[in-house]
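Here's the structure, in structure tokens; my notes come after.
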Amino acid sequence: MAAVPSAPPVLDDADLDLVAALQVAPRAPLSALAEVLGSSASTVGRRLARLAEERLLRVIGQVEWPMLAEGNPMHIWVATAPGQAWEVARQLSELPEIPFVATTTGRADVYCSLHATRRDRARELLTTRIPSVPGVRSAHTELVLRATAKSDSWRLRRLDDAQVRALREVADPVEEPTAVTGFGDDELRAMELLRRDGRASAADVARGLGINRSTAYRLTHSLLQRGLVRPRVEIEPALLGHPLEVVIELHAAPGAIQEVADALARHPSARYVSIVAGTSSVIHHGVFRDEDGLAELLTRDLATLPGITACEVSVVLDVLRRYWIGREDGRLLGQDR
């Protein structure tokens, strides 16, 4: 049975400004953040520490898929027996191959993503493990072919242009990864440390891996510059004034799929947009301030895109895990992978 939620935490304006700044430059020094925000480094440091201690915010490293697994992720919609949605979602959230899971309304009762380390493990999960979870009636899967937007690109729009420019000057330069190959064991170990702490310094990496600082700096710089690890802020969208979260499946003509995906990736609501192989063509995972914002996307923004023939909307009710990090009442729990 789902636990009764407690009163949600509240962030003040200074908290929100700090989150917005970290979204632009997740590894920026405290001094740079303070200068942009008109504060002191000590004040910014205390505020950041408090948000972390209260389990509201964490800077993590978003890792390119080939460093995590053999294949691409999958979207899964699960239909459950009456009254079993939350329990099914809880059991799915315990699987290490499930980075995201939530209860939903719409097409199914539970929506999750699957990213298994090996392809044979993915087959086992899809054909045996997930269907055997008590309460599961059926599951529908779509394979992600390409992502046009990931969570590191979503921004809380609070800062002015001058603040954003100043932050970009101190942000780590990042290249768009082309072929994610040629990484060794040391880079994988450094990646794992940066995945858990996106603000880890070369000194932190050196201590964590038991290597010298110059080697740690080289590994860290390579992973960050090549875009293999992309630091980002992990915080529940509802705390940032975006409590309405949806997963939209769009059906489009083949010649329009890429254009639709690119356009949705630029939409302010976009947290994750992917081109998929399945019954739909593009999946848009977005967050909104209210129902009017979602209505604008469905009735106005999508109407201007040629080639869309239909769409289905699943509304997210309760997120149990996001990017392998458990959630409870808006707070972050442990990272499981």
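Listed values, structure above:
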item: Those residues of segment 57-90 which are among the small types (Gly, Ala, Ser) and open to solvent by 20 Å² or more (accessible area, probe 1.4 Å), in sequence order; result: 79, 81, 83, 85
item: Residue match in segment 142-152 (condition: among the acidic types (Asp, Glu), at pLDDT 95 or above and within 28 Å of residue 125 (Cα to Cα)); result: yes
item: Index of the failed condition, residue 317 passing every other in (1) open to solvent by 70 Å² or more (accessible area, probe 1.4 Å); (2) at pLDDT below 95; (3) closer than 28 Å to residue 87 by Cα; result: (2)
item: Residue within segment 226-236 that is surrounded by fewer than 23 Cβ atoms within 10 Å (Cβ to Cβ) and in a helix (DSSP H, G or I) present; result: no
item: Condition check for residue 296: part of a helix (DSSP H, G or I) and not β-branched (Val, Ile, Thr); result: yes
item: Of all residues making up segment 264-289, the number that are crowded, with 20+ Cβ neighbours inside 10 Å and assigned to a helix (DSSP H, G or I); result: 1
item: Members of segment 290-314 found to be open to solvent by 60 Å² or more (accessible area, probe 1.4 Å) and under 18 Å from residue 239 (Cβ atoms), listed by number; result: 290
item: Residue match in segment 21-28 (condition: open to solvent by less than 50 Å² (accessible area, probe 1.4 Å), closer than 25 Å to residue 329 by Cβ and in contact with a Lys or Arg (Cβ under 7 Å, 6 or more places away or on another chain)); result: yes
item: The lone exception for residue 106 - which of (1) surrounded by 14 or more Cβ atoms within 10 Å (Cβ to Cβ); (2) modelled with pLDDT of 95 or more; (3) over 22 Å from residue 62 (Cβ atoms) it fails; result: (2)
item: Pair list, Cβ under 7 Å, 6 or more apart: segment 59-77 residue within 22 Å of residue 236 (Cβ to Cβ), other residue acidic (Asp, Glu) and in a strand (DSSP E or B); result: 60/234; 75/142
item: Test: residue in segment 229-246 that is among the small types (Gly, Ala, Ser) and without any contact (Cβ under 8 Å) to a residue 40 or more places away in the chain; result: no
item: Residue check for residue 260: part of a strand (DSSP E or B), under 21 Å from the mean Cα position of the chain (by Cα) and buried (at least 17 other Cβ atoms within 10 Å of the Cβ); result: no
item: Residue 36 vs. criteria open to solvent by less than 30 Å² (accessible area, probe 1.4 Å), in a helix (DSSP H, G or I), more than 18 Å from residue 239 (Cα to Cα) and of a type in the set (A, V, I, L, M); result: yes
item: Cross-chain or 6+ apart pairs with Cβ under 9 Å, segment 10-37 first and modelled with pLDDT of 95 or more, then open to solvent by less than 20 Å² (accessible area, probe 1.4 Å) and charged (D, E, K, R); result: 22/232; 23/232; 26/232
item: Matching option when the condition is free of Cβ contacts under 8 Å to residues at least 12 places away in the same chain and closer than 23 Å to residue 65 by Cβ, among 334, 326; result: 334
item: Residue satisfying condition, being of a type in the set (Lys, Arg), more than 22 Å from the chain's Cα centre (by Cα) and over 21 Å from residue 97 (Cα atoms), within set 289, 300; result: 300
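The values are calculated or read from the model by the stated rules, or taken from the named source; none is laboratory data. From a predicted model like this one, the values you see are computed outputs, not experimental measurements. Every residue, glycine as well, gets a Cβ built from its backbone with ideal geometry; the counts of neighbours run over all protein chains shown. These area figures cover heavy atoms from the full protein model, side chains too; ligands, DNA and RNA do not enter into them. Shrake-Rupley method; radii C 1.70, N 1.55, O 1.52, S 1.80 Å.
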